1. Measure off, as a whole percent, the carbon and sulfur share of the 1.4 Å-probe accessible area of the chain, all protein chains present.
2. Counting pairs of alpha carbon atoms under 8 Å apart in space and at least six apart in sequence, what relative contact order in percent does the chain give?
3. Just to check, using Stokes-Einstein with a Kirkwood Rh over alpha carbon pairs, what's the diffusion coefficient of the chain at 10 °C and 1.306 mPa s in µm²/s?
4. When only the heavy atoms of the protein chains count and the probe is 1.4 Å, how do THR33, THR11 rank by accessible area, highest first?
5. State in Å² the accessible area per residue of the chain; use a 1.4 Å probe, count heavy atoms of protein chains only, and round to the nearest integer.
6. Within the chain, what's the longest run with no GluC sites (Glu not before Pro) in a DSSP loop and at most 14 other beta-carbon atoms within 10 Å? Give the range, please.
7. Once you keep just the Cα pairs under 8 angstrom separated by 6 or more residues, what percentage relative contact order results for segment 51-95?
8. Among the trypsin sites (Lys or Arg not before Pro) within segment 33-95, which fall in a DSSP loop and have no more than 16 other Cβ atoms within 10 Å of their own Cβ?
Amino acid sequence: MEEHGNEFVGTVFVLPESRSFELKTTLHGVAVTLTGTVSQQLAAQFAGNLAAGAPIDVRQLALQPRRVEVLTREIHERHRAPRKMHFLMRVIDGA
């Protein structure tokens, strides 16, 4: 298993109830859509938990492109193709 974090700029759509996200961005000049899970701490910020940090209004995220940090985990299993899982770790320039 390999993990690496990247910063992306793009439009972020979040469903806080299911803790899932969709990020529309460009990678090497090609438009891509990353989907995955919102980290537990970021989900707490979306819910308005002050102990997790400044609250973030989910409704405002998709209004303009944002800079976000995404952790990508590549899982290698025997006799299976490698698969990637994405986790939205933080919104760097939040709403």
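1. Roughly 51 percent of what the probe reaches on the chain is carbon or sulfur.
2. 33 percent.
3. For the chosen part, D equals 115 µm²/s.
4. THR33, THR11
5. With all protein chains present, the chain gives 65 Å² per residue.
6. Between exposed loop sites, the widest span is 18-76.
7. 43 percent
8. ARG78, ARG80
The values are calculated or read from the model by the stated rules, or taken from the named source; none is laboratory data. Just so it is clear, the model here is predicted, and its values are computed rather than measured. Glycine gets a Cβ as well: all are built from the backbone with ideal geometry, and neighbour counts include every protein chain shown. We work out accessible area using only protein heavy atoms, side chains counted, and drop any ligands, DNA or RNA first. Shrake-Rupley method; radii C 1.70, N 1.55, O 1.52, S 1.80 Å.
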